[in-house]
1. Restricting the search to segment 102-159, which residues are assigned to a strand (DSSP E or B), of a type in the set (Gly, Ala, Ser) and either more than 21 Å from Phe23 (Cβ to Cβ) or at pLDDT below 80 (or both)?
2. Looking at segment 83-99, which of the residues that are farther than 17 Å from Phe18 by Cβ and out of contact with any strand residue (DSSP E or B) (no Cβ under 6 Å at 6 or more places or on another chain) is surrounded by the fewest Cβ atoms within 10 Å (Cβ to Cβ)?
3. Quickly run through segment 23-49 and pick out the residues that are at pLDDT below 95 and under 15 Å from the mean Cα position of the chain (by Cα).
4. Are any of the residues in segment 62-76 surrounded by 13 or more Cβ atoms within 10 Å (Cβ to Cβ), over 12 Å from the mean Cα position of the chain (by Cα) and part of a strand (DSSP E or B)?
5. Is it the case that Glu89 is in a strand (DSSP E or B), closer than 22 Å to Lys139 by Cα and either touching a helix residue (DSSP H, G or I) at 6+ places or on another chain (Cβ under 7 Å) or of a type in the set (Asp, Glu) (or both)?
6. Take segment 86-101 and flag every residue that is at pLDDT 95 or above and under 12 Å from the mean Cα position of the chain (by Cα).
Amino acid sequence: MNESRNAHAITICKGNVFVLGGFSGKQRLCSVEKYTVREDKWTQMPAMKDKRHYLSSCTVNDEFIYAFGGFFGSTEQEINDSIEMFDVEKNIWQVLSVRMKNPLWACSALSISPNEIILIGGKNTNRNGEVHLFNTTTKQWKNLHSMNQLRVSHKSFLF
């Protein structure tokens, strides 16, 4: 990796590992790096529009990377509620006009179908057990059944 970071997000798209945002130890990051496994090579990618650490990300249809929430500042009141989408073929980021249901950091994002993402748990000023479904086609949110236990800084996988 070219830039040291923690509290970043990782997703896989087209067989490559994408590392998004995070914290360098000095500042929040909007940078994105791609690791091409077959070539054992790191490449700097276009940066996200917003700096964010403790963000969440996932890949939809092996062609779009979504970035959700995270901190942009140093206090719990500086939580991002924006959503960015990276078109891997066009190599560009777009900030969506729709916002998250609530500003969150350290939630889990999981693509569950070709046009649906669920956001699980996370934190704003309190831990969160909510689960929300985002439709990437209609850009609409739907509340799902909340978890019995609150979750923060966890991971989710679908295989």
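The values are calculated or read from the model by the stated rules, or taken from the named source; none is laboratory data. Quantities reported herein were computed from a predicted structural model and do not represent experimental measurements. Please note: Cβ atoms are built from the backbone with ideal geometry, for glycine as well, and neighbour counts cover all protein chains shown.
1. In the first step, residues of segment 102-159 are kept if they are assigned to a strand (DSSP E or B); the result is 105, 108-113, 116-120, 123, 127-128, 131-135, 140-144, 151.
Filter once more, keeping what is of a type in the set (Gly, Ala, Ser): 108-109, 111, 113.
Those that are assigned to a strand (DSSP E or B), of a type in the set (Gly, Ala, Ser) and either more than 21 Å from Phe23 (Cβ to Cβ) or at pLDDT below 80 (or both): Ser111, Ser113.
2. Going through segment 83-99, the residues farther than 17 Å from Phe18 by Cβ turn out to be 95-99.
Filter once more, so that each one left must be out of contact with any strand residue (DSSP E or B) (no Cβ under 6 Å at 6 or more places or on another chain): 97-99.
Working: Ser97: 8, Val98: 15, Arg99: 13.
For segment 83-99, the residue satisfying everything is Ser97.
3. Of everything in segment 23-49, those that are at pLDDT below 95 and under 15 Å from the mean Cα position of the chain (by Cα) turn out to be Phe23, Arg28.
4. Scanning segment 62-76 turns up no residue that is surrounded by 13 or more Cβ atoms within 10 Å (Cβ to Cβ), over 12 Å from the mean Cα position of the chain (by Cα) and part of a strand (DSSP E or B).
5. Values: in a strand (DSSP E or B): no; closer than 22 Å to Lys139 by Cα: yes; either touching a helix residue (DSSP H, G or I) at 6+ places or on another chain (Cβ under 7 Å) or of a type in the set (Asp, Glu) (or both): yes.
It is false that Glu89 is in a strand (DSSP E or B), closer than 22 Å to Lys139 by Cα and either touching a helix residue (DSSP H, G or I) at 6+ places or on another chain (Cβ under 7 Å) or of a type in the set (Asp, Glu) (or both).
6. Phe86
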